[in-house]
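Encoded as structure tokens, the structure appears first; notes follow it.
Just so it is clear, none of the values below were taken in a lab; they were calculated from the coordinates. All values derive from a computational prediction rather than experimental measurement. Using ideal geometry, Cβ is built from the backbone for each residue, glycine included, and neighbour counts are taken over all protein chains shown.
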Amino acid sequence: MNSQQHLRYLFAVLALTVVLAPSLTSGQMGDIARPIESKQLKCLVCKASMAEMEAAVAKIDPNKKVEVGDYRLDTTGESKKKKKIQYAKSEMYLTEMMETVCDRMDDYAKARYKKTGRPIVMKMMVDGGMNPDMANVNFVQEGDLNKTLKHLCLEIVEDYDEDIIRMFQEEVVKDTDIRLCSQVAKYCKDQPVDDEYEYEESEEEEGRDEL
């Protein structure tokens, strides 16, 4: 673990300690949310996992190429089908990405929005700092320390690895969360995750306006 990873880990542990500790004053940060049903949780983990994959692919230089194809030689000694493709679309890269993406679930925690009770798996660290939306949720305190999230991610990747590779090899990669989690795996209803998040945010804003 390098120094940057270690710092991220310490911040995440500190954040979880603060939000999960019972409050001695208002009780708002210390309130414990009820557990999330297994079907809902699998949907949320699936969406978060696909979002992490899309973010990882977006960071790869599109000009980076790799040779792929059939390396059998023809009569002239040249490969018949060898060609160059974007590295981010190669099966080699996508397989490596799927092998590591579930480790990122350690950065997430189960929670519910205070105003609506809607469940979420929240990323604790964003843009190098604590997620500012943490103030809008109550966290689910469970004995597994969120190991369930990583386990579910691994299960999803194992069951749908071929579908994931196929989606990320398309010319335009988008809406992978809806396509995999709703249409292929049937974990979620056919509702875009971004629309759901904006809905939650607007509810919180409405609550602040009422104060």
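Close amide H pairs (under 5 Å, H built 1.01 Å from N) link Cys188 with Ser182, residues at least 5 positions away or on another chain. Charging the Cβ of each Asp and Glu at -1 and of each Lys and Arg at +1, and nothing else, the dipole of segment 88-157 about its Cα centre rounds to 520 debye.
Remark: segment 90-97, residue by residue, has Karplus-estimated 3J(HN,Hα) of 6, 5, 4, 5, 5, 5, 4, 4 Hz, where x stands for each Gly or Pro and the curve is 6.51 cos²θ - 1.76 cosθ + 1.60 at θ = phi - 60°.
Placing a pseudo-label 7 Å from each Cα along the Cα-to-Cβ vector at Gln169 and Gln183 gives an inter-label distance of 1.8 nm.
For a Förster distance of 45 Å, can you work out the FRET efficiency between the beta-carbons of Met125 and Lys83, rounded to the nearest 0.05?
0.70
Close amide H contacts of Gln141 (hydrogens built in the peptide plane, cut-off under 5 Å, sequence separation of 5 or more or a different chain): Ala33. Dividing the C-alpha radius of gyration of segment 38-184 by 2.2 N^0.38 Å, with N its residue count, gives 1.28.
Given their separation in residues at 0.36 nm each and the Cα-Cα distance between them, Asp61 and Asp159 gain 32.4 nm when the chain is fully extended. Proximity of backbone amide H atoms, modeled 1.01 Å from N, is registered between Lys65 and Tyr87 at under 5 Å, excluding neighbours fewer than 5 places apart on the same chain.
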